[in-house]
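The structure under discussion appears below in the form of structure tokens.
Each value in this text was obtained by applying a stated rule to the coordinates, not by laboratory testing. Given the structure is predicted, the values throughout are model-derived calculations rather than measurements. Here Cβ is always computed from backbone atoms with ideal geometry, including for glycine, and neighbour counts include all displayed protein chains.
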Amino acid sequence: MSKKSMAAARVLSQNLLAEGIYDLWLETPIAQDACPGQFVGVYPTNKSTLLPRPISICEVDKERSAIRLVYRVVGSGTAEFALYQPEDYIKILGVLGNGFPLEAAAGKKVVVMGGGIGVPPLLETAKRLAAAETAVKPVKVSAVMGYRNSETFLSEEFAKYADMFTATEDGSIGTKGNVIDAMREQNIEADVIFACGPMPMLRAIKNYAQEKGIKAYLSLEERMACGVGACLGCICKTTKVDHHSHVNNARICTDGPVFDADDLDM
């Protein structure tokens, strides 16, 4: 279970990675508890905007007590975030959600798969797998990332920790198509998949994993309100009965965002 607290975070740096994609480093004590696949809620300063915006943690630097958020500007809240400058202070809530079960990767061939803004949370995952923080180093770590075009943000950083493969919708780099096309074209083998991205991609990964007999863990992207499980605004259908609602639903913000693919009704 996540350790949740409200905290002030100091902006260390911010850069533009690709069109509409920003790279934000924050100094915050939350970094000491952050795990791959978790997220934080970032509060806009605009008083008319009451709710935090959920943003996945891209990278953690415990020595600097810092977290890295890579996000896309999609509305007024994230448009405000893009204006942050070093030494600004913002309010965040975290750490939220449950991350990827790295222990499931011990001694296995692992593939991390991301698409679009689902790419960033896989970087810390690949980093920790490569560092063998699971106590037993995986046999092999591969990264398969999908992009719209040649703006393949973070791909060079993934290459530090994994064998990197790229798919682009327009075919400008790597495999033309999606991440499943890249898996098949490159004959990439996996025992375990960790993935994050839009629902059609995750649905395809679940089907692919079932076809190949691969264990898959999926991080769901969803708009959220409270971020702490109270509002029931980010529900997904599951194959198991939820102890909270007593129906086949789960709250993505607290029960996830990472789920065993076998537990999801997609």
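Going by how many other beta carbons lie within 10 Å of each one, how would you line up Lys140, Lys212, fewest first?
Lys212, Lys140
Between the range 160-191 and the range 67-106, how many Å separate their Cα centres?
Centre-to-centre (Cα) distance: 26 Å.
Using a basic spin-label model with each label point 7 Å from the Cα along Cα→Cβ, how many nm lie between Asp260 and Val74?
The modelled label-to-label distance comes out at 2.8 nm.
Straight-line reach only, C-alpha to C-alpha below 16 angstrom: list the aspartates and glutamates that Lys215 could link to, leaving out same-chain residues fewer than 8 apart.
Straight-line reach from Lys215, under 16 Å: Glu103, Glu189, Asp191, Asp260, Asp262, Asp263, Asp265.
Among Asp33, Asp23, what is the fewest-to-most ranking by other Cβ atoms within 10 Å?
Ranking Asp33, Asp23 by Cβ neighbours within 10 Å, fewest first, gives Asp33, Asp23.
Around Trp25, with a cut-off of 9 angstrom between Cβ atoms, what is the net charge of the other residues, counting Lys and Arg +1 and Asp and Glu -1?
Within the 9 Å Cβ shell, the charges total -2.
Work out from phi, with θ = phi - 60° and the Karplus expression 6.51 cos²θ - 1.76 cosθ + 1.60, the ³J(HN,Hα) of each residue of the range 199-206, listed in order in whole Hz, and give x for Gly and Pro.
4, x, 5, 5, 5, 5, 5, 4
What FRET efficiency comes out for the pair Glu189/Thr45, r = Cβ-Cβ distance, R0 = 51 Å, nearest 0.05?
Calculated transfer efficiency: 0.60.
Answer with one residue from Val110, Gly146, Tyr89: the one whose Cα lies farthest towards the positive end of the charge dipole of the range 60-206, charges on Cβ with Lys, Arg +1 and Asp, Glu -1.
It is Val110.
Output the peptides 196-206, 113-123, 150-160, 175-185 sorted from most to least packed, where packing is the average of other Cβ atoms within 10 Å over each peptide's residues.
Ranking the peptides 196-206, 113-123, 150-160, 175-185 by packing returns 113-123, 196-206, 175-185, 150-160.
Mind sorting Lys127, Lys91 by how few other Cβ atoms lie within 10 Å of their own Cβ, fewest first?
The fewest-first ordering by Cβ neighbours comes to Lys91, Lys127.
Averaging over every viewing direction, what projected area does the convex hull of the Cα atoms of the range 5-96 cover, in nm²?
Computed as one quarter of the Cα hull surface, the answer is 5.3 nm².
Taking the Cα atoms of the range 102-220, what is the range of coordinates along each of the three principal axes, in descending order and whole Å?
For the range 102-220, the Cα extents along the three principal axes come out at 39, 30, 26 Å.
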